[in-house]
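Each value in this text was obtained by applying a stated rule to the coordinates, not by laboratory testing. Fair warning: this is a prediction, and the values are worked out from it, not measured in the lab. Note: ideal-geometry Cβ built from the backbone for every residue, glycine included; neighbour counts use all protein chains shown.
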Amino acid sequence: MSYNKVEDTFFEAFDGIYTRLLITADDKDTLKQAAYDSTATPGAVIGRIEGGVEGFIDENKTPDNRIGAIAQYWFNSHDLKKFEIELSYRIRQDILVKPFTSVFNLTPNPKGFINMMKHVGNCGDGYQWEEKISDRNMINIPIAVPDFKIEHEIAYSEGIMGANFWYMCNEKKAVVEAGRIIIEAINDIEGVITPFGICSAASKVKTNYPWIGPTTNHPYCPSLKKRLVNESKVPDNVKYIPEIVVNGVNKESINKAIKIAIDSIVDREDIVKISAGNFNGELGNYNFKLLDILNTNKI
């Protein structure tokens with residue numbers, strides 16, 4: 001395997017807080033819908049929660065002996081009150097409303113705990129009660145399709161957000177084909193998610209419209225290459241620059257995910273170059289060099 005296509009550059013990443021939840025349900029369709037709906041909108045850059053599905057597990061590995069989905073929910077601020085409220089929206093609007101779903105804590109190395117009664121348990125309007133499932137303290141919320149259950153305390157911890165790389169393509173089909181291969185490879189790594197999936201809109205910090213938040217990273221827009229003659233950074237023969245963003249519970253999981261992802265597509269002929277998004281080291285707490293990850297980490 002050759003890394004000649006990989007640019008000698010780095011990506012920035014930053015601290016975030018997250019919770020890792022186990023969602024269970026009676027059937028696969030409901031489980032997938034609850035997991036994907038609750039993690040569907042990547043919103044950390046606009047002060048909301050973002051999430052992703054880490055994977056699915058069999059019924060013999062869950063507290064209530066039902067099939068389960070592991071999902072992560074991230075916030076790039078340490079405002080725990082805001083995090084608690086944003087998390088509750090995802091649980092209430094995307095999981096609780098799905099038939100026969102339950103939520104359990106699955107966060108490793110907790111830094112603290114969130115009591116779920118105030119913003120979720122009280123959906124029972126005072127009629128909720130507590131019970132035990134496999135020695136876990138659960139809140140039972142009576143609803144019209146009985147009933148939604150959630151663990152009374154959900155742990156949160158600290159991890160790393162915003163790891164990324166770009167795979168620059170010369171063919172349209174490579175965007176989705178290679179992207180799907182990348183996502184599938186990353187799904188084999190425990191503790192990481194890809195909140196944007198295949199992301200078509202790399203962004204920058206300095207913007208002409210600050211009330212929007214991050215805007216397009218214009219030097220890397222292929223459609224602007226001729227217009228930005230002296231400013232464009234789009235390489236020759238590159239027509240598409242999709243991005244993969246990774247959040248992970250620690251540096252080790254980030255390194256493994258980036259390596260296995262790049263290894264999975266680096267030898268494709270329709271991949272011209274692999275690079276990463278950074279802001280000259282001015283944004284993130286961490287700088288990860290792509291070539292260091294590829295040459296020193298073993299999967």
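The table below lists the values:
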quantity	calculated
Tail beyond 18 Å, pair distance distribution of segment 63-180 (Cα, percent)	59
Integer Hz, Karplus 6.51/-1.76/1.60 couplings in order for segment 199-215, x for Gly and Pro	9, 9, 9, 4, 10, 10, 8, 6, 9, 7, 10, x, 6, 7, x, x, 10
Calculated [θ] (222 nm, deg cm²/dmol) that DSSP helices of n ≥ 4 give over the chain, each run adding -39,500 (n - 2.57)	-6000 deg cm²/dmol
Partners for Lys98 among lysines (Cα-Cα distance below 20 Å; same-chain residues under 8 apart left out)	Lys28, Lys32, Lys149
Kirkwood Rh, Cα atoms: Rg over Rh of the chain	1.01
Under 21 Å from the Cα of Lys239 - lysines, other chains or at least 8 residues apart	Lys5, Lys172, Lys173, Lys204, Lys225, Lys226, Lys273
Karplus 3J(HN,Hα) series, Hz, for segment 113-130 with 6.51 cos²θ - 1.76 cosθ + 1.60 (x for Gly, Pro)	9, 10, 6, 8, 5, 4, 9, 10, x, 6, 4, x, 6, x, 9, 5, 9, 10
Where chymotrypsin sites (Phe, Trp or Tyr not before Pro) fall in DSSP loop in segment 209-268, at most 12 other Cβ within 10 Å	Trp211
Rounded tilt (10° steps) of 251-265 against the dominant C-alpha axis of the chain	60
Sequence-distant residues sharing a close amide H with Ala155 (under 5 Å, placed H)	Leu106, Thr107, Ile114
Top of Phe279, Phe100, Phe288 by mean-square fluctuation, Gaussian network on the chain, Cα under 10 Å	Phe279
Residue order, fewest to most beta carbons within 10 Å, for Thr62, Thr41	Thr41, Thr62
